[in-house]
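First the structure, in the form of structure tokens, and then the observations on it.
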Amino acid sequence: MAKLHLTKRSLRDIQEIFDYSAKKFGITVAEKYLTQIEDALLFVKNNSQLIHCRPEISNRFKVYRCEKHWLIFDLVGEDLYLLTVKHTSQDLLTKLKLLEPSLEKEVNALYQQIINQSNSNP
């Protein structure tokens, strides 16, 4: 089973989704969105072979649609990294092209942090 890591950006995205949804639609809807995202993350973690690259969106990153949101992942070894979460109404191709350099840096930094932690905890 793959390990799943969430970047700071993805955590920020999820918080923004919750805050926006709570303000616009109410707490019940916001909690529903969070539950959907949590369920999707658990599913992807347990079935990482089911997510694929979608060349029309990105040749590098893997995407998974969760209701009205795209979950954007990178796979490093057997570990999955949730990079960002974007609403399906956004032009994902344009967003990813703009974010790709910083997303790659975030993954590399998080990956290095995990490697350093596992090396210091034999």
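We did not get these values from a lab; they are worked out from the coordinates using the rules stated. Nothing here was measured: the structure is a model prediction, and the numbers come from that model. Reconstructed Cβ throughout: ideal geometry from the backbone, glycine too, with neighbour counts over all protein chains shown.
Test of understanding: what is the full-extension gain from L42 to S102, defined as 0.36 nm times their sequence separation minus their Cα-Cα distance?
Numbers: separation 60, 0.36 × 60 = 21.60 nm, distance 2.52 nm.
Between L42 and S102, full extension yields an extra 19.1 nm.
By how many nm would the segment from E78 to Q15 grow when fully extended, if each residue of separation counts as 0.36 nm and the alpha-carbon distance is taken off? If you can, show how the numbers build up before the last one.
Working: separation 63, 0.36 × 63 = 22.68 nm, distance 2.65 nm.
Fully extending the segment from E78 to Q15 adds 20.0 nm.
Which of Y20, N46, L34 sits closest to the plus end of the dipole of region 9-82, meaning its Cα is farthest towards the positive end, when Lys and Arg get +1 and Asp and Glu get -1 on the C-beta?
Going by the charge dipole, the pick is Y20.
Taking 22 Å as the cut-off for C-alpha to C-alpha distance, list the pairs among K62/K86; K24/K68; K3/K32; K45/K86 that go past it. Present the calculation step by step, with values, prior to reporting the outcome.
Numbers: K62/K86 13 Å; K24/K68 15 Å; K3/K32 24 Å; K45/K86 19 Å.
Beyond 22 Å: K3/K32.
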